[in-house]
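First up is the structure itself, then whatever we jot down about it.
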Amino acid sequence: MKIIDGKLLAEELNKDLARKNLQFKQKFHKKPYLAVVLVGDNAASSIYVKNKEKQANIVGIESEVINLNKNVSEKELLDVIESLNKNDKVDGILVQLPLPNHIDSKKVIDNINPDKDVDGFNAKNIGLLAMGIPKVIPCTPLGCYKMLENVTNLEGKKIAVLGRSNIVGKPLAY
C-alpha cells in the first residue's frame, strides 16, 4: 500500500505553475487572466469559486469573478461568454457548474472559445482528449492522474474507472 500525500503534491505542482506563469508574464508582459462566471447563489459553488480565486492568486494568475443572478436568461449568459471570448485581456474562461435548470449547460460550455476553455469541457476539447491529442485536460481527472502517476508508473497498467460523468469519469478514462 502506498500513501499519496496530495497536499505535498499540490504544493509542488503550484510551484511549477507559478514558475510557468512568471515565464508567461515575462513573455507577454501581463499575468494570465482568468474569468470565472458564477450563476446564482449555490453555497458550494461560491466556496469553490473563492478557493479558485485564492489558488489563482497563489500561482500568479489574475482572476475576476462575474456574479450573475440565478434568474439570468440563457441568452444573457451566452452574451457574457461571447464578450469574454472577444476580450483579449481574458486568457481563460471558467463557468462554474451546476447552472440553474433553465439554462442548457452544454450549450453554454460549447459557446466558450475552446482556446479559453479552462475546464476542458467544450466538445472540441473533449474530442481532442478522446483522440489522445488534448489541448486542455479537465482538472479533476488530471489531478487524479497526477496523484497516481506520483506513486506508480502507469504505462502498461490496466486501470478501472468507476463512474462515467462528463466531469470526471469519462475524461479520466480518455
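Brief remarks on what is shown
- Matching residues, segment 89-130, being open to solvent by less than 20 Å² (accessible area, probe 1.4 Å), part of a helix (DSSP H, G or I) and either in contact (Cβ under 8 Å) with a residue 24 or more places away in the chain or touching a Phe, Trp or Tyr at 6+ places or on another chain (Cβ under 8 Å) (or both): Val108, Ile109, Leu129
- Only a single criterion out of (1) of a type in the set (D, E, K, R); (2) buried (at least 16 other Cβ atoms within 10 Å of the Cβ); (3) touching a residue at least 60 places away in the same chain (Cβ under 8 Å) is not satisfied by Lys2, namely (2).
- The requirement of being in contact (Cβ under 8 Å) with a residue 40 or more places away in the chain and open to solvent by less than 90 Å² (accessible area, probe 1.4 Å) is fulfilled nowhere in segment 153-164; no residue meets it.
- Check on Lys7, loosely packed, with under 12 Cβ neighbours inside 10 Å and either closer than 19 Å to Leu142 by Cα or modelled with pLDDT of 95 or more (or both): yes
- Residue in segment 38-46 that is under 23 Å from Phe28 (Cα atoms), open to solvent by less than 70 Å² (accessible area, probe 1.4 Å) and under 15 Å from the mean Cα position of the chain (by Cα) present: no
The values are calculated or read from the model by the stated rules, or taken from the named source; none is laboratory data. Note that the structure is a prediction, hence the values are computed from the model and not measured. Methodologically, a virtual Cβ is constructed for each residue, glycine included, from the backbone with ideal geometry; neighbour enumeration extends over all protein chains shown. For accessibility, only protein heavy atoms count, side chains too; no ligands or nucleic acids. Shrake-Rupley method; radii C 1.70, N 1.55, O 1.52, S 1.80 Å.
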